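Structure, as structure tokens:
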């Protein structure tokens with residue numbers, strides 16, 4: 001039975017992770033929070049509070065030009081639409097204080113496409129080949145290549161920051177469980193406006209990525 005391609009709408013809860021793979025390839029990993037939302041009777045400074053439910057946190061993996069474009073275009077808190085296959089990532093590690101090898105696993109989405117959710121945003125665009133779109137009154141954007149993006153995200157003379165693995169079998173420590181939230185403008189899949197207060201996944205709360 002073939003794996004089904006799915007679509008996920010959510011907000012980034014951390015900055016993208018980007019790494020060069022040799023001279024001709026690159027990988028970017030995103031962590032997104034997906035949820036439904038409903039308006040509550042509570043208010044914060046006169047603004048309605050939206051409550052998340054059916055929360056889902058996903059790691060998203062992008063390769064090649066998609067990785068470069070996603071890492072160059074997205075930041076923590078941005079709403080995205082991801083199309084890809086849900087797969088299981090496994091690796092082996094040693095338990096603390098023991099030489100025993102333990103298998104860890106986590107679910108991730110291998111992305112075929114990543115798009116900006118335009119429900120509450122307007123964006124400029126630039127093609128990495130020859131054309132793009134610029135909103136009136138805006139300066140035309142310039143595409144970034146993998147080298148420039150690596151320097152921007154990881155600094156000079158680096159090969160990408162160290163990747164952290166977080167598995168389904170691990171016990172989440174308070175430092176992971178209480179990771180700061182993103183500057184999300186709305187709950188993914190909800191009906192909150194930019195003036196509404198947000199909590200939970202819509203506000204970017206959730207475990208630290210990777």
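Here are a few things to note about the model shown:
- The calculated FRET efficiency for residue 5 paired with residue 138, based on their beta-carbon distance and R0 = 35 Å, is about 0.55.
- Cα gyration tensor, region 14-129 - rounded (a/c under 1.5), prolate or oblate: oblate
- Here the label points at residue 86 and residue 154, each 7 Å from Cα along the C-beta direction, are separated by 3.0 nm in the simple model.
- Antiparallel bridges, percent of DSSP beta bridges restricted to region 1-144 (to nearest 5): 95 percent
Bear in mind that the values in this text are calculations on the coordinates, not laboratory data. The structure presented is a predicted model; accordingly, all values stated were derived computationally and were not measured. Reconstructed Cβ throughout: ideal geometry from the backbone, glycine too, with neighbour counts over all protein chains shown.
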